[in-house]
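The values are calculated or read from the model by the stated rules, or taken from the named source; none is laboratory data. From a predicted model like this one, the values you see are computed outputs, not experimental measurements. FYI the Cβ positions are ideal-geometry reconstructions off the backbone, even for glycines, and counts take in every protein chain you see.
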Amino acid sequence: MNKLLFAFAIGALAFAPSYSLVAAPTPDASSVSSQPKLPPDVRNKTDLLSDAEADQIAADLKNRIVEEYGPKYNFENFTVEFNNEQDKGEVVGIDVDVNTDMILTQDPAHSAYGTGIRQDLAELTDPAEKAELQKEIDRFLNEAGEHYNAPSNSWFLYHIEVPEQGSVDGAASSSRQPEYTLFGREDITADETILTPLKR
């Protein structure tokens, strides 16, 4: 019988302010107003992406997560960071780290697994097998119950590839849909990463 793997990656983001010893010139007011300001939950640490593009891609990824898990979870405190820019020739690779608090809103007993395993229990006739399966049901409900209606800090790791020509910050780039290819990312070690193509 398949066992449910119920685990969440737990992490914390730490951000340190950076300081410059060289005074930067004060930007012209008209140029500042033409450039959209990133919301505090989106951090663009790349040279290629405009802030407008980073904001749009962040919205795409948040919507993707909510659509995939939304029927069973609520989400709070999203943060999206674009980092680790990599020159790949005709494209530039960028890692995207999404962090959020996932809140399980579906009673584990009413989940597909919970319903199915209770049906299996009802069909058993051997007392020893029924007792063993009941232990598994109790274990599942206890473990899953710890996450029910409770926030669980979770990470979703992605990688995008963007055409090398990129774009320029400003009103022109804020009005168009960013072009990128999306991958799921699994960091095995510091030097090994598995990328899985994802449909947008």
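Please enumerate the residues belonging to the stretch 121-146 that are within 34 Å of the chain's Cα centre (by Cα) and not aliphatic (A, V, I, L, M).
Scanning the stretch 121-146 gives Lys135, Glu136, Asp138, Arg139, Phe140, Asn142, Glu143, Gly145, Glu146.
Within the stretch 83-99, can you find the residues that are farther than 10 Å from Ile160 by Cα and in contact with a helix residue (DSSP H, G or I) (Cβ under 8 Å, 6 or more places away or on another chain)?
Val98
Could you give every pair whose Cβ atoms fall below 9 Å, whose first residue belongs to the stretch 105-132 and is over 30 Å from Pro151 (Cβ atoms) and assigned by TED's automatic domain parsing to the domain that holds Glu143, and whose second residue is part of a loop (DSSP other than H, G, I, E, B) and aliphatic (A, V, I, L, M), counting only separations of at least 6 or pairs across chains?
Listed pairs, sorted by first residue: Asp120/Met1; Lys130/Leu124.
Residues checked against (1) surrounded by 11 or more Cβ atoms within 10 Å (Cβ to Cβ); (2) of a type in the set (Gly, Ala, Ser):
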{"position": "Gly89", "(1), (2)": "no, yes"}
{"position": "Gly93", "(1), (2)": "yes, yes"}
{"position": "Val96", "(1), (2)": "yes, no"}
{"position": "Gln106", "(1), (2)": "yes, no"}
{"position": "Lys130", "(1), (2)": "yes, no"}
{"position": "Phe140", "(1), (2)": "yes, no"}
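Residues that are touching an Asp or Glu at 6+ places or on another chain (Cβ under 7 Å), free of Cβ contacts under 8 Å to residues at least 24 places away in the same chain and not assigned by TED's automatic domain parsing to the domain that holds Lys199: find the strands (runs of 3 or more DSSP E) completely inside the stretch 31-104 holding 2 or more of those.
Here the list is empty.
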